[in-house]
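Student: Got a structure here, written out as structure tokens. Questions coming.
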Ligand SMILES: [Zn+2]
């Protein structure tokens, strides 16, 4: 399992392929119309001022993911912002802004690593580790 998919930011149209916490086989897909983002209070306060830069924008977001095999529902949330992307090729030279989002929380927790089913791993350790997967520390 590539834990790297968890610490990456994403854009709305390219949600990373997080594994399903229930069947462990499916991939979580974004449920239609479930993704919502909102500006933070600081952004709302500052965004109409003359000196505001788009890249200072901060968001919080929430969404619902659904497993493509067992249809488990997983809520996730986090924060986000705006970055500038520069394009340079022979015909064009310019830039555009895009929103990005970083997941901070999943429920039920998404399996970051596979815990071996073994007598050597006590049940309470497995339970605590599984719960910890819900919080993404980036
Ligand atoms: Zn599933």
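What follows draws every value from the coordinates through simple rules; no lab data is involved. Everything numeric in this text was worked out from a predicted model, so none of it was measured. Cβ atoms come from the backbone with ideal geometry, glycine included; neighbour counts cover every protein chain shown.
Student: List, largest first, the extents of the alpha carbons of the chain along their principal axes, each in whole Å.
Tutor: That gives 61, 39, 28 Å along the principal axes, largest extent first.
Student: Contact order normalised by length for segment 9-138, with contacts defined as Cα pairs under 8 Å and 6 or more residues apart; what percent is it?
Tutor: Numbers: 230 pairs, mean separation 29.8, N = 130.
Value for segment 9-138: 23 percent.
Student: Using the per-residue mean of other Cβ atoms lying within 10 Å as a proxy for protection, in what order, highest first, do the peptides 121-133, 75-87 fall?
Tutor: Per-residue Cβ counts within 10 Å, averaged per peptide and sorted highest first, yield 75-87, 121-133.
Student: Between residue 118 and residue 72, what FRET efficiency follows from the Cβ-Cβ distance if R0 is 25 Å, with the result rounded to 0.05?
Tutor: Efficiency for this residue pair is about 0.50.
Student: So, one more: Residue 48 versus residue 64, label points 7 Å from Cα toward the beta carbon: distance in nm?
Tutor: In this crude label model, residue 48 to residue 64 measures out at 3.4 nm.
Student: What nm value, rounded to one decimal, do you get for the distance between residue 39 and residue 126 when each label is placed 7 Å out toward the C-beta?
Tutor: Once both label points are built, they end up 4.9 nm from each other.
Student: Tell me the angle of helix 123-132 to the major Cα principal axis of the chain, expressed in degrees between 0 and 90 and rounded to the nearest ten.
Tutor: That helix lies at roughly 10 degrees to the long axis.
Student: Given an 8 Å cut-off on Cα distances and at least 6 residues of separation, report the relative contact order of segment 67-108 as a percent.
Tutor: Numbers: 56 pairs, mean separation 19.6, N = 42.
Here the relative contact order equals 47 percent.
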